[in-house]
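Structure first, then comments.
The values are calculated or read from the model by the stated rules, or taken from the named source; none is laboratory data. What you see is a predicted model; the values in this text were computed from it and never measured. Glycine also receives a Cβ, built like all others from the backbone with ideal geometry; neighbour counts cover every protein chain displayed. Ligands, DNA and RNA are stripped out before the accessible areas are found, and what is left, the full protein with its side chains, is counted by its heavy atoms. Shrake-Rupley method; radii C 1.70, N 1.55, O 1.52, S 1.80 Å.
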Amino acid sequence: MDTQQKDLSYFRLRLQELLNTSFPEKANDQKFIEQRSSWAANAYEGAFRSRNTIEQCNEIANYILFEGLHFSKFDTVFQVVCNEFDTIMADEELRPFALKIFPVCEPVFSGYELTDDFAYGYEFDLLYTEITGTIAIWIEENGLQ
């Protein structure tokens, strides 16, 4: 396996891991994964050929690989489920429930300008409260199923 292919596999695996964990809505988007992985591998190689340190090469590649993927809607929903509804379901049910309720909560996000640092702003508390309410209403109407 040549170096370029090995680098591409490395970046693809790193991106896939993040998507599986925090961005399930993008986890099966092979075009997105291939494109981002390729860009990151090319950026790494270009930075290396320009005599940057390995640390700098990694920073450049990671910036491209993870651009726009720092704030996760799913992680927010999962956080709400874990913090606010953990007493009504077993620990092993929290993530599956968050995955199930995620599409119900997704429209709530449209009322906010989501940036990579959104979780650190004052509007995050409003979003958190709105998602908590959305989930509570859904559970009241549908049960935990």
Could you grab the pairs with beta carbons closer than 7 Å, sequence gap of 6+ or different chains, first residue in region 119-145 and under 24 Å from LEU69 (Cβ atoms) and modelled with pLDDT of 95 or more, second one not polar (S, T, N, Q) and not in a helix (DSSP H, G or I)? LEU127/TYR112; ILE135/PHE85
Checking ILE88 against (1) closer than 17 Å to ALA136 by Cβ; (2) open to solvent by less than 40 Å² (accessible area, probe 1.4 Å); (3) over 16 Å from the mean Cα position of the chain (by Cα), which test does it fail? (2)
Residue list for region 54-109, restricted to those being free of Cβ contacts under 8 Å to residues at least 40 places away in the same chain and aliphatic (A, V, I, L, M): ILE54, ILE60, ILE64, ALA90, LEU94, ALA98, ILE101, VAL104, VAL108
